[in-house]
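The values are calculated or read from the model by the stated rules, or taken from the named source; none is laboratory data. Computed from a predicted structure; not experimentally measured. Reconstructed Cβ throughout: ideal geometry from the backbone, glycine too, with neighbour counts over all protein chains shown.
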Amino acid sequence: MPKLIVELRGGEERELNGEAGLSVMEVIREGGIDEILALCGGNCSCATCHVHVDPTFFGMLKAMSEDENDLLESTSERTEYSRLSCQVQFGPALDGLKIKIAEED
């Protein structure tokens, strides 16, 4: 099973096994991490699942939609490596993906 490495807001890292086909948000929530609110449930209508993707993996991700980009524009914590975790599909190609949970706005 592919691994997802999650850096929590306090700096602690956790390694999770992720099922292919789930979003990164779903892997995080199923892994028992509650720092991501995901208020919209993964429908790309809020920015409460904002993460920063390790630059090594960022170019491997599917392009960001206009809706995702617009939502990320509303957050003060946006960086060039920001994504909404609900919009990143996890699987074997992303084995070892490292993300950091963004600070809350």
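Results, tabulated for the structure shown:
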read-out: The listed residue being in contact with a Cys (Cβ under 8 Å, 6 or more places away or on another chain) and either surrounded by 20 or more Cβ atoms within 10 Å (Cβ to Cβ) or not hydrophobic (A, V, I, L, M, F, W, C) (or both), out of L71, L97, L39; value: L71
read-out: Meets criteria (hydroxyl-bearing (S, T, Y), modelled with pLDDT under 95 and exposed (fewer than 13 other Cβ atoms within 10 Å of the Cβ)) for S65; value: no
read-out: Pairs, first under 12 Å from K3 (Cβ atoms) in the stretch 81-105, second among the small types (G, A, S) and part of a strand (DSSP E or B), C-beta under 9 Å, six or more apart; value: F90/S23
read-out: Condition met for E77 (outside any loop (DSSP other than H, G, I, E, B) and touching a strand residue (DSSP E or B) at 6+ places or on another chain (Cβ under 8 Å)); value: no
